[in-house]
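These notes are about the structure you will find just below.
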Amino acid sequence: MAIVKPFQCVRPDEATAHLVAALPYDVYNRKEACEITAANSKSFLNIDRPETQFSDDVDTYDSRVYEKARELLNAWVSDGTLLKDNREAYYIYELVMNGRSQTGIVACSSIDDYAQGIIKKHENTREEKELDRICHVDRTDAQTGPIFLAYRSKEAINGIVERVIATKPLYDFTAEDGISHKIWQVSDEVTVSEIEQAFVGVPSTYIADGHHRAASAVKVGWKRRDENPGYTGEEPFNFFLSVLFPDEQLMIMPYNRVVKDLNGLSEEEYLKKVEEAFLVEVVGEDAYSPDTKGSFGMYLNKKWYRLTIKDSFVSKDPVKGLDVSLLQDHLLNPVLGVKDPRIDKRVDFIGGIRGLKELEKRCAEDMTVAFSMYPTSIEELFQVADAGLLMPPKSTWFEPKLRSGLFIHPLTAF
């Protein structure tokens, strides 16, 4: 059963929360991050991406970079930009995008739940990306980016959340991208106990987004245990910062693909090979977004097509049956020669938030063929994780993104 704990939070002053709140560190490259921090000295990206405080000749992973993150975090606490709560609490976090809301509970999840598979994963992680966040968490002595967790909706939890959000929020602001953020603090003993006990009835939680942040936080926790052999299991380093959402509220957008060339084939030869596994229909010049599982949009030579996987290639396997797998296994690999999409530089991935015009734009600039995808469902994600399997890379794109800097989990007690 899931352990979901309240925690003593470091958070922004209410007056500056809208300035501090920042998109996750990994949605930006270094140049973009520098532009953001230059425009907003209060953006939490200054701490999440501390290389922005140095000239380009200083490596992103230089020890001085992580020391700068620690220095800035401590300075923001000292000058009142960040406040220290004096008691443990949960937080309710509502995000509204295009009129659609999702509301989660900000809490700390157990590193033991992660190790024992109660917190389930669906992606592999890369060591170099883990190492960066391990250094950041360890040096700052804090977890600064929440892990996005999902769980199968539970009425007892929904009822508590509905009761809390009927009260006045602690924070209420709309970010520059139009997404609104409301946050409520839950610190009264009765409601805190209700939330903690309600999650005891949740058998599993699932990492929706933030696999590298989760793995890094857990490894820092294990390191702290080694450094403190008399640990009790209740110290803050035994838990990691998370926001937990019920599955029914989540929106997964497609993760579209673009490929640089036709693998030496003429357009006619290419289309003939595609027809071996797919029904191919010409749509025309209007961008096509698939509306059913097993269908795909394809943009080639300024023309859109609808591809539908033939019945004989459909699979009931939780991984092989995913649309991203069907496209990879029956077109990208055998026809276009993209053997491993994780490392092949001929393929790129475009988050659904960018829209289909971005696919057309890339094909006009540096790519030849694009594919619009039907989004992976949250239930498909659960099925893969429950089976102990892994999804192909770039299978899901969650929106809206959680903001960093609104909740910070120190690894040592105040």
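Per residue, the chain reaches -8500 deg cm²/dmol at 222 nm when only DSSP H runs of four or more residues are counted, each adding -39500 (n - 2.57).
For region 167-227, the direction-averaged projected area of the alpha-carbon convex hull comes to 7.4 nm².
Calculate how many DSSP beta bridges within the chain are antiparallel, expressed in % of all such bridges and rounded to the nearest 5.
Details: 63 of 70 bridges.
Of the beta bridges lying entirely in the chain, close to 90 percent run antiparallel.
Take SER315: with every protein chain present and a 1.4 Å probe, its accessible area is about 40 Å². Would you kindly find the accessible area of LYS31, with a 1.4 Å probe and non-protein molecules such as ligands, DNA and RNA excluded, rounding to the nearest 10 Å²? Only protein atoms counted, so the area is about 140 Å².
Quick one: if you take sqrt(5λ) for each eigenvalue of the C-alpha gyration tensor of region 153-311, what semi-axes come out, biggest first, whole angstrom?
On the way: eigenvalues 443, 111, 52 Å².
Square roots of five times the eigenvalues give 47, 24, 16 Å.
In straight-distance terms, cross-link reach from LYS84 covers every one of the lysines whose alpha-carbon lies under 24 Å from its own, apart from those fewer than eight places away in the same chain; here that gives LYS5, LYS42, LYS68, LYS168, LYS182. Reported value for the chain: 151 Å³ per residue, from the convex hull of its C-alpha atoms. Under 23 Å of direct C-alpha separation, and excluding same-chain neighbours fewer than eight residues apart, LYS357 reaches these lysines: LYS260, LYS293, LYS302, LYS303, LYS345, LYS394, LYS401. Any idea how far the Cα center of region 59-129 sits from the one of region 228-260, in Å? If we compute the Cα centre of each part, the gap is 9 Å. The 1.4 Å probe gives accessible areas that order HIS18, HIS330, HIS122, largest first, as HIS18, HIS330, HIS122. Per-residue SASA remark: CYS135, around 50 Å² accessible (1.4 Å probe; ligands, DNA and RNA not included).
Each peptide in 209-220, 82-93, 188-199 gets a packing score, the mean of other Cβ atoms within 10 Å over its residues, and the list from highest to lowest is 209-220, 82-93, 188-199.
Ranking ARG257, ARG225 from most to least accessible surface, computed with a 1.4 Å probe over the protein chains only, gives ARG225, ARG257.
The values are calculated or read from the model by the stated rules, or taken from the named source; none is laboratory data. For clarity, every value in this text was computed on a predicted model and none was experimentally measured. For neighbour counting, all protein chains shown are included, and Cβ atoms are generated from backbone atoms with ideal geometry for every residue, glycine included. Just the protein is used for accessible areas: all its heavy atoms, side chains included, with ligands, DNA and RNA removed. Shrake-Rupley method; radii C 1.70, N 1.55, O 1.52, S 1.80 Å.
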